1. Rounded, prolate or oblate: which one fits region 7-79, using the alpha carbon gyration tensor with axes a ≥ b ≥ c (rounded when a/c is under 1.5, else prolate when a/b beats b/c, else oblate)?
2. Treating only the Cβ atoms of Lys and Arg (+1) and Asp and Glu (-1) as charged, compute the dipole magnitude of the chain about its Cα centre; round to the nearest 20 debye.
3. Within the chain, what whole-number % of the accessible surface is contributed by carbon and sulfur, with the 1.4 Å probe and all protein chains included in the calculation?
4. Tell me the label-point distance for the pair Thr2, Glu19, using the 7 Å Cα-to-Cβ offset, in nm and rounded to one decimal.
5. Could you compute the longest span of the chain free of GluC sites (Glu not before Pro) located in DSSP loops and having at most 15 other Cβ atoms within 10 Å, not counting the site residues?
6. Considering Cα pairs under 8 angstrom that are at least six residues apart, work out the relative contact order of the chain and quote it in whole percent.
7. Give, in nm to one decimal, the length gained when the segment between Arg82 and Arg9 is fully stretched (0.36 nm per residue of separation minus the Cα-Cα distance).
8. Could you check the simple spin-label distance between Thr42 and Glu28, using points 7 Å along Cα→Cβ, in nm with one decimal?
Amino acid sequence: MTDQEIIERINASLAEEFELDRADMVPEATIYEDLGLDSLDTVDMVIVLEAAFKFKIREETAIREIRTLGDIHNFVIGKYRRQDGAA
């Protein structure tokens with residue numbers, strides 16, 4: 001799966017789960033302010049991403065630093081690549 005395919009899967013999954021406008025889903029969009037999610041939504045977001053990519057997201061330091069949609073993209077791409085064995 002290419003990075004772009006991963007990004008599209010993330011965006012599609014989150015847009016469907018949280019009824020987000022795809023036009024608002026740009027890498028610099030902040031999770032709380034721009035996308036309107038709250039701390040409870042982040043729990044659901046983790047579940048959605050785990051289901052979409054078939055891996056577990058544990059309490060990792062990187063997760064606490066996520067502020068934008070681009071941060072989510074980078075986190076999932078990195079995790080997917082490590083899981084896949086590709087660097």
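The values are calculated or read from the model by the stated rules, or taken from the named source; none is laboratory data. In this text the structure is predicted, and so the values were computed from the model without any measurement. Note that each Cβ is placed from the backbone with ideal geometry, even for glycine, and that neighbours are counted across all protein chains shown. To get the accessible areas, we keep the full protein, side chains included, count just its heavy atoms, and leave off ligands, DNA and RNA. Shrake-Rupley method; radii C 1.70, N 1.55, O 1.52, S 1.80 Å.
1. In terms of gyration-tensor shape, rounded.
2. So the magnitude is around 600 debye.
3. Answer for the chain: carbon and sulfur cover 48 percent of the accessible area.
4. That separation, rounded to one decimal, is 3.3 nm.
5. After excluding every exposed loop site, the longest remaining stretch is 34-58.
6. The value is 37 percent.
7. Gain on extension, Arg82 to Arg9, equals 24.5 nm.
8. 2.3
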